[in-house]
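Chemist: I am attaching a structure below and will ask some questions about it afterwards.
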Amino acid sequence: MPDIESLLKEKRVFKPDPAAARAANWNRKTVDAHRRLGERDPQRFWAKMAREHVSWFSPWKKVLVWKPPFAKWFVGGKTNVSYNCLDRHLEGEHGWRRNKAAIIWEGEPGDQRVLTFGQLHREVCKFANVLKSQGVKKGDRVAIYMPMIPELAIAMLACTRIGAPHSVVFGGFSAEALRERINDVGAKLVVTADGGYRRGEAYALKPAVDEALRGCKGVESVVMVQRTGQPTNFVAGRDRWWHELMEDASADCKPAKLDAEHPLFVLYTSGSTGKPKGILHTTGGYLTHVTTTSKAIFDLKEDDTYWCTADCGWITGHSYVVYGILANGATTLMYEGVPTHPGPDRFWDIIERHRVSIFYTAPTAIRTFIRLGDEHPKKHDLSSLRLLGTVGEPINPEAWMWYHRVIGGKRCPIVDTWWQTETGGIAITPLPGAVATKPGSATLPFPGIDAEVLGEDGEPVEPPNGGLLVLRKPWPGMLRGIWGDPKRYREQYWSKFPKTYFAGDGAHRDGDGYFWIMGRVDDVMNISGHRIGTMEVESALVSHDEVAEAAVIGRDDEITGTAIVAFVTPKGNATPSDALKVALRNHVTRQIGAIAKPKEIRFTDALPKTRSGKIMRRLLRDIAAGREQVGDTSTLEDYSVLAKLRDSDEG
Ligand code: PRX
């Protein structure tokens, strides 16, 4: 774990501004009290949070039933996520929020829509009735494959209203990836759109749905939003327009009183082996976790305009574009397109025009903006900003400093939040009113979260040594399993250390107990803040007719954090060529999506393997990084492979 030392040289500390800290939702005193309770009695702490932040139809009987590795939170309690995000802002004490903006949306071409809590509630009720009219019942799964338009949030919330778990598939994924997810989750209905806007052009989504559904039996109907108006294939008897169904739908739909452990959604994420894992989250615990963390970490206030740039196809979009923010009655901004259209200042323009006060984005975006130049943010008035956040990958201290200086005007605290699809909500993070930040560190665990860094022996490592990041006690937002695969759930997360959740990340702690996340220790790459398994890309490559074998690794990349490098052995009759490289890149895009497209492909007639046939990725990493001295090669079966690999074609 070589970068420990360099990170430890980071000595800059930023203390919370005293006035802002006093005004924070969670000031120093609150945080101290919560930490103490969270350590002494995490169940009591989370029960207190569940009472304070979530509305329940009936109270729970037991806070936690923990049969490792299976947890149940707030057992016997009944609630509903859409009720918490909508109805409770229309009645009683907060009833005045009816005409407050819930979603401020901007399309890439510049079109805008604002939905108040009252309007959003109406749309969600109507769409919930549409789902029912299409035969969707409590427990049925709904796949959602859409651009970032308000209907995406409406569809998600409507599913939660009737207790139909949703599975959102990122619109950038291919037909193949969509089919795999629809089949695995057993979806009954697909919500999609004709297309969306990206980089100034209308792209199509529906053809991928048509292709995915070919030969797929479970899906009975498709509901399609007309976003672009492009000519679209329509399958009679199966496909229906969103706007036509909504016209006749009643706006009266009572939220289902759901068990706290009722499945809320399944979201697929990459693992180190084989197919993507369907991460299962349930209702009461997840809602408690995301609502509490949103309020405390983003310090959400009534008059904030909060913008998280993530797509709802990822966990960040679930927890911190939609659920955690709306449950707090806060205004969430959604943007459809890319950061650089029509110009490199689109984000700053949005912040200025909507007076965004809280901005949450990914380090890869920040690095892109640094490269584009300071003049773009400087052209805009960013004085509305008061808090910044990052998520998805480690942020290098210099990028943190740039964010602090150029975007935050040196006055905004930065919350570098560590978490995962599996954790449901933020787990390690600064609290803006109480925790001093250090550039590059996610600082300390959220109260009630028991994070630690362990050595291979299962003991906490002493600073400055690095080790494996774990969570030692169950937490309410934790995944409840992998959809349909309890064995994999156990093996993947709970087999490394007894009764302890292993996150798959390396980390170390400094003398103040601060966490410094060092990235994945397994065969998962983090590309622009999104997890892609090496195996997935390899499977995609070898499914091409001209490929015999492939090994994929990640190499450091200035913008995306990691870039994919593929070592490919073509079949005997195939000719390695630039044309084949292009074909392979396109093939991976078709199989998985553009996000998994290798940046570099190298042809080689052999891969370095151990005697037992395992590919030695470590050596490939050294070679891809251009390191002369490769690590230990004593288990390598054929030494001549190394020399050949070094000569392998670059580019
Ligand atoms: O490696 C860690 C990295 O992203 C992984 C989780 O990816 P995913 O499930 O796609 O969720 C991303 C958004 C929550 C983690 O295992 N990661 C996430 N946040 C950070 C991070 N690495 C360092 N610092 C972070 N703040």
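Chemist: Do we have any residue at all in the stretch 62-85 that's in a loop (DSSP other than H, G, I, E, B), farther than 29 Å from Phe347 by Cα, open to solvent by less than 50 Å² (accessible area, probe 1.4 Å) and among the polar types (S, T, N, Q)?
Modeler: Yes, that holds for at least one residue.
Chemist: Also, quick follow-up: When residues of the stretch 453-489 are filtered for being within 23 Å of Thr269 (Cβ to Cβ) and open to solvent by 20 Å² or more (accessible area, probe 1.4 Å), how many remain?
Modeler: 9
Chemist: Just one of the numbered conditions (1) touching an Asp or Glu at 6+ places or on another chain (Cβ under 6 Å); (2) open to solvent by 40 Å² or more (accessible area, probe 1.4 Å) is not true of His380; which one?
Modeler: (2)
Chemist: Next question. Which is out of contact with any Asp or Glu (no Cβ under 8 Å at 6 or more places or on another chain), open to solvent by 30 Å² or more (accessible area, probe 1.4 Å) and among the hydrophobic types (A, V, I, L, M, F, W, C), of Phe57, Phe45?
Modeler: On the way: Phe45 fails: open to solvent by 30 Å² or more (accessible area, probe 1.4 Å).
The match here is Phe57.
Chemist: A further question follows. Can you spot a residue in the stretch 599-620 that is touching a Phe, Trp or Tyr at 6+ places or on another chain (Cβ under 8 Å), outside any loop (DSSP other than H, G, I, E, B) and touching a residue at least 60 places away in the same chain (Cβ under 8 Å)?
Modeler: The answer is yes, given that some residue of the stretch 599-620 is touching a Phe, Trp or Tyr at 6+ places or on another chain (Cβ under 8 Å), outside any loop (DSSP other than H, G, I, E, B) and touching a residue at least 60 places away in the same chain (Cβ under 8 Å).
Chemist: Say whether the condition of being away from the ligand (no atom under 16 Å from the Cβ), open to solvent by less than 20 Å² (accessible area, probe 1.4 Å) and within 19 Å of Asp416 (Cβ to Cβ) is met by at least one residue in the stretch 326-337.
Modeler: Within the stretch 326-337 (the criterion being away from the ligand (no atom under 16 Å from the Cβ), open to solvent by less than 20 Å² (accessible area, probe 1.4 Å) and within 19 Å of Asp416 (Cβ to Cβ)), the answer is no, since none of the residues qualifies.
Chemist: Right, something else. Any residue in the stretch 33-44 that's under 16 Å from Val63 (Cβ atoms): show its pairings with residues that are in a helix (DSSP H, G or I) at Cβ separation under 6 Å, as long as the two are six or more apart or on different chains.
Modeler: Short answer, once both residue conditions are applied: Leu37/Phe45; Gly38/Phe45.
Chemist: Still on this model: Would you check which residues across the stretch 475-514 are modelled with pLDDT of 95 or more, over 20 Å from the mean Cα position of the chain (by Cα) and within 13 Å of the ligand (Cβ to nearest atom) and list them?
Modeler: Tyr514
Chemist: Something else: Here is a list: Gly519, Gly511, Gly572. Which entry is in contact with a Pro (Cβ under 7 Å, 6 or more places away or on another chain) and either hydroxyl-bearing (Ser, Thr, Tyr) or more than 24 Å from Thr273 (Cβ to Cβ) (or both)?
Modeler: Exactly one of Gly519, Gly511, Gly572 is in contact with a Pro (Cβ under 7 Å, 6 or more places away or on another chain) and either hydroxyl-bearing (Ser, Thr, Tyr) or more than 24 Å from Thr273 (Cβ to Cβ) (or both), namely Gly511.
Chemist: What pairs can you find where one residue is in the stretch 300-312 and assigned by TED's automatic domain parsing to the domain that holds Thr361 and modelled with pLDDT of 95 or more, the other is open to solvent by 20 Å² or more (accessible area, probe 1.4 Å) and of a type in the set (D, E, K, R), and their Cβ atoms are less than 6 Å apart, with a gap of 6+ or different chains?
Modeler: Thr305/Arg355
Chemist: Assess whether Lys599 counts as being open to solvent by less than 70 Å² (accessible area, probe 1.4 Å), basic (Lys, Arg) and out of contact with any Ser or Thr (no Cβ under 7 Å at 6 or more places or on another chain).
Modeler: no
Chemist: Working only within the stretch 545-559, note down all residues that are crowded, with 20+ Cβ neighbours inside 10 Å and either under 17 Å from the mean Cα position of the chain (by Cα) or more than 14 Å from the ligand (Cβ to nearest atom) (or both).
Modeler: Val547, Ala550, Ala551, Val552, Ile553
Chemist: Sticking with this structure for a sec: Go through (1) modelled with pLDDT of 95 or more; (2) in a loop (DSSP other than H, G, I, E, B) and name the single condition Ile351 misses.
Modeler: (2)
Chemist: Only residues that are surrounded by fewer than 23 Cβ atoms within 10 Å (Cβ to Cβ) and either in contact with a helix residue (DSSP H, G or I) (Cβ under 7 Å, 6 or more places away or on another chain) or free of Cβ contacts under 8 Å to residues at least 40 places away in the same chain (or both): list them for the stretch 528-538, please.
Modeler: Passing the criteria: Ser528, Gly529, Glu538.
Chemist: Further question: Going through the stretch 436-451 one residue at a time, which ones are farther than 19 Å from Phe45 by Cα and within 16 Å of the ligand (Cβ to nearest atom)? Full working, then the answer.
Modeler: Quick first cut of the stretch 436-451, residues farther than 19 Å from Phe45 by Cα only: 436-443.
Those that are farther than 19 Å from Phe45 by Cα and within 16 Å of the ligand (Cβ to nearest atom): Thr437, Lys438, Pro439, Gly440, Ser441, Ala442, Thr443.
Chemist: So if I check each of Gly110, Gly92, which one is within 30 Å of Gly343 (Cα to Cα) and loosely packed, with under 14 Cβ neighbours inside 10 Å?
Modeler: Just one listed residue meets the conditions, Gly110.
Chemist: Something else now. Kindly indicate which of Gly218, Gly139, Gly171, Gly229 is assigned to a loop (DSSP other than H, G, I, E, B) and modelled with pLDDT under 95.
Modeler: Gly218
Chemist: For the stretch 402-434, which residues satisfy the criterion of being open to solvent by less than 10 Å² (accessible area, probe 1.4 Å), in contact (Cβ under 8 Å) with a residue 60 or more places away in the chain, touching a strand residue (DSSP E or B) at 6+ places or on another chain (Cβ under 9 Å) and more than 14 Å from the ligand (Cβ to nearest atom)?
Modeler: If the condition is that a residue be open to solvent by less than 10 Å² (accessible area, probe 1.4 Å), in contact (Cβ under 8 Å) with a residue 60 or more places away in the chain, touching a strand residue (DSSP E or B) at 6+ places or on another chain (Cβ under 9 Å) and more than 14 Å from the ligand (Cβ to nearest atom), then Leu431 is the only one that fits.
The values are calculated or read from the model by the stated rules, or taken from the named source; none is laboratory data. No experiment lies behind these values; they were computed from the predicted model shown. Cβ sites come from the backbone with ideal geometry, for glycine too, and all protein chains shown count toward neighbours. Heads up: the accessible areas ignore ligands, DNA and RNA and are worked out on the full protein's heavy atoms, side chains in. Shrake-Rupley method; radii C 1.70, N 1.55, O 1.52, S 1.80 Å.
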